Amino acid sequence: MDPMVAMYRLERDQKYPIYLAWNNRSILFSFKQMNQSRLRPLDIGILMIVDEKTDLREYLFALDSISCYAHMHEYAFNVVRDTLAWRRICPQSNIMFRRHCMVAHMLNNHTWTLFLDADVGVINPNKLIEEWIDPSVDVIMYDRFYNWEVAAGSYLARNSTTAKTFLQSFANYEYRIPASFHGWDNGALHAFLLEWILPAHRHYSMPCFDVWTYSKSWDDLFTFEACIRAFLGKTPPCKNIKILSKGTGWMRDGWLTMGRWSFDSDFMIHGWKMENLVPPRLAYVMDKLNPDQMRLIRFAGWVPPFTQLFDQKSCKEGLAIWHFNADLIATEEEVKKSLERLEKKTKYIRFTNKGIA
C-alpha cells in the first residue's frame, strides 16, 4: 500500500471513486539536484487544518501530491485535526475562524508556515515556497483571481509576535460578523484587513459595511469585498502585511482554466475535492466547454491531473516520477490568455455591480 495512503488511512474504497487520467506524461524529478538551488534554505512548514471528523479520502490527490512535494524539498508537512483539546485552546465556535487561532499557536514550529486548505495540491514540483517569501513582512496573502477577494484559505506567516497577533485577532472577528450572508472568514477577512491596515478609514467605508450587514447572496458578499479592496488597493502595505496581486500568488483555482496549467507559471492548484472529480465520460467533453458552462454542469469540477498516484517512498528517497495528465499541460501563453479573458470579465462585474468600484 502507498505509504501516504497508510499514513492517513486513505483506503481507496468506492465512497470516493478515483478516476485517473489516461494520456500519460511521466517526468522524473530529483529533489537532491533541485535542492541545490536552495542555497540558504529556510525552515518552512506546510500546514493543513481539518475538522475532527473529516474523511481525508476526499482530498486524496491533494494530500498525495503535497506529501510527495514536501518529501522532495524537505519541507515539514502536517495535517492537524480540530480536536476537543484544540477547542479548549481556541474557543471560537466555528472552525473556519478557529483554524486561524490554531495556526497562530503552531507558528513556533517553523520560521515560516504555509497554511493551506485541504483541497490544495501541487501540480508543479519545480517551484519552491521560498519564491513567495518576503523577509520584510510577517504575513503574506494573495488576491483570488475570479473575484475581488483576498484568500482566507491560504497564507504565509512568520513565527513572529505580529503574525500571531494578526491571526488571533482575525480568528476573534468571528464575534463581530453580522447576522447576514456574511461569508464566514472569507467575508470577515476583508473587514478585519481594513481595520488592521487603515483603522482611521472605518467611517469612510461605512457604505461597504452596510452592504455586508444586509448581504443576502454571493453577489452582495462579492460587492462588499470589492468595495473594501477599493480602499485597500489605494494604499501601500503596512503593519507588515503583504497582499499579492492577481496571478502572482502561489496558487489559483483550477477551474479557471478548465484544469489546464503551465510549468512556467503554476505551482499549486485549489479545488481538488474528490466529490467534484469529473468522471471520464464528462472529462471527454470538457475541452468543448467554457468555465461558465462547466460550472453549470458541475460546480468546481476538475479532471484528474495525474495518471498515477505517488510512490511516497520514491519521493522521500529523491527519485520521484510524477505521472501527469498530458491533456492538461499547456504553455504559459495559453494559460495567460485564459486568465486574461476572465480578468476582463471580473473587472467589468466589479465596476458595474451596484455602482461600487
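The values are calculated or read from the model by the stated rules, or taken from the named source; none is laboratory data. Every value quoted in this text rests on a predicted model; they were computed, and no experiment measured them. Don't worry about glycine lacking a Cβ; one is built from the backbone with ideal geometry, like all the others, and counts go over all protein chains shown.
Between a residue in the stretch 238-256 that is within 14 Å of Phe145 (Cβ to Cβ) and in contact (Cβ under 8 Å) with a residue 40 or more places away in the chain and any residue that is surrounded by 17 or more Cβ atoms within 10 Å (Cβ to Cβ) and among the acidic types (Asp, Glu), which pairs come within a Cβ distance under 7 Å, given they are 6 or more apart or on different chains?
Ile243/Asp143; Leu244/Asp143; Ser245/Asp143; Lys246/Asp143
So which residues in the stretch 252-280 are in contact with a strand residue (DSSP E or B) (Cβ under 6 Å, 6 or more places away or on another chain), under 15 Å from Ser154 (Cβ atoms) and outside any strand (DSSP E or B), if there are any at all?
Answer for the stretch 252-280, where residues must be in contact with a strand residue (DSSP E or B) (Cβ under 6 Å, 6 or more places away or on another chain), under 15 Å from Ser154 (Cβ atoms) and outside any strand (DSSP E or B): Gly254, Gly271, Trp272.
Does the stretch 135-172 hold any residues that are of a type in the set (Lys, Arg) and either out of contact with any helix residue (DSSP H, G or I) (no Cβ under 8 Å at 6 or more places or on another chain) or within 24 Å of Gly271 (Cβ to Cβ) (or both), and which are they?
Listed by number, the list holds a single entry, Arg144.
I need the helices (runs of 4 or more DSSP H) fully contained in the stretch 1-85, keeping only those with at least 1 residues that are at pLDDT below 60 and closer than 27 Å to Ser262 by Cβ.
Details: elements: 3-7, 31-34, 60-73.
Hits in the stretch 1-85: 3-7, 31-34.
Just wondering, is there one or more residues in the stretch 202-216 that are surrounded by fewer than 18 Cβ atoms within 10 Å (Cβ to Cβ), on the phi > 0 side of the Ramachandran plot and either part of a strand (DSSP E or B) or polar (S, T, N, Q) (or both)?
Within the stretch 202-216, none of the residues are surrounded by fewer than 18 Cβ atoms within 10 Å (Cβ to Cβ), on the phi > 0 side of the Ramachandran plot and either part of a strand (DSSP E or B) or polar (S, T, N, Q) (or both).
Can you name the condition, by its number, that Phe231 falls short on among (1) surrounded by fewer than 17 Cβ atoms within 10 Å (Cβ to Cβ); (2) part of a helix (DSSP H, G or I); (3) at pLDDT below 90; (4) out of contact with any Gly (no Cβ under 8 Å at 6 or more places or on another chain)?
The failed condition is (1).
In the stretch 190-248, which residues are charged (D, E, K, R) and closer than 30 Å to Arg158 by Cα?
Glu195, Arg202, Glu225, Arg229, Lys234, Lys239, Lys242, Lys246
Kindly provide the set of residues from the stretch 149-177 that are among the aliphatic types (A, V, I, L, M) and closer than 15 Å to Gln92 by Cβ, ordered by number.
Selection gives Ala152, Leu167, Ala171, Ile177.
Part of a loop (DSSP other than H, G, I, E, B) and within 19 Å of Trp86 (Cα to Cα): does that describe Ala118?
yes
Among the candidates Leu167, Leu107, Leu114, which residue alone is in contact with a strand residue (DSSP E or B) (Cβ under 8 Å, 6 or more places away or on another chain) and either within 14 Å of Met48 (Cβ to Cβ) or among the hydroxyl-bearing types (Ser, Thr, Tyr) (or both)?
Leu114
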